[in-house]
Amino acid sequence: QVQLVGSGGGLVQPGGSLRLSCTHVGSIFNMYVMGWYRQAPGKQRELVATLPGGGRGQYGDSVKGRFTISRDNAKKTVSLQMNSLKPEDTAVYYCYGKGSGVEYWGQGTQVTVSS
């Protein structure tokens, strides 16, 4: 069974940094696209960043210049380095993967930015 297993997240002060990681398990194939979406209370799920294998990252407007997405295809892992965090970055972050026309979602990890 294909799963996306995430790690990282937690509580950080404004201006701080966090790193999220997500590993694709249960398949010998790599996902075509991996990335992250987030959902804040009362809001719709929105794009944070996605990265196709061998391609360039796409970022949501609110995180450009602060977040960096990267992949390690050998380890089937995608990571999200989040710098200069703001209270409005508080949300549940979901790992995302797409392969062979099928979309997958991780269980979600809470990121809270607060003093």
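Tabulated data for the structure shown
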quantity: Residues that are more than 14 Å from Gly8 (Cβ to Cβ), in contact with a Ser or Thr (Cβ under 8 Å, 6 or more places away or on another chain) and either among the β-branched types (Val, Ile, Thr) or not in a strand (DSSP E or B) (or both), drawn from the range 85-104; calculated: Pro87, Glu88, Thr90
quantity: Some residue of the range 57-75 being within 15 Å of Leu18 (Cβ to Cβ) and in contact with a Lys or Arg (Cβ under 7 Å, 6 or more places away or on another chain); calculated: no
quantity: Flag for Lys98 being modelled with pLDDT under 95, closer than 13 Å to Ser21 by Cβ and open to solvent by 20 Å² or more (accessible area, probe 1.4 Å); calculated: no
quantity: Residue in the range 29-48 that is crowded, with 20+ Cβ neighbours inside 10 Å and farther than 18 Å from Gly9 by Cβ present; calculated: yes
quantity: Candidate set from the range 84-110 (those that are under 11 Å from the mean Cα position of the chain (by Cα) and of a type outside the set (Phe, Trp, Tyr)); member that is nearest to Met34 (Cα to Cα); calculated: Gly97
quantity: Looking only at the range 1-13, and only at residues there that are in a strand (DSSP E or B) and closer than 25 Å to Asn83 by Cβ, the one that is most open to solvent (accessible area, probe 1.4 Å); calculated: Leu11
quantity: Residue tally, condition modelled with pLDDT of 95 or more, of a type in the set (Lys, Arg) and surrounded by 15 or more Cβ atoms within 10 Å (Cβ to Cβ), over the range 63-95; calculated: 1
quantity: Checklist (1) under 24 Å from Gln1 (Cβ atoms); (2) touching a strand residue (DSSP E or B) at 6+ places or on another chain (Cβ under 6 Å) applied to Gly60, failing item; calculated: (1)
quantity: Conditions (1) open to solvent by 40 Å² or more (accessible area, probe 1.4 Å); (2) not in a strand (DSSP E or B): number failed by Gly16; calculated: (1)
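The values are calculated or read from the model by the stated rules, or taken from the named source; none is laboratory data. As the structure is a computational prediction, the values presented were derived from the model and not from experiment. Neighbour counts run over all protein chains shown; Cβ positions are idealised from the backbone, glycine included. Surface areas here come from the heavy atoms of the whole protein model, side chains and all, with no ligands, DNA or RNA. Shrake-Rupley method; radii C 1.70, N 1.55, O 1.52, S 1.80 Å.
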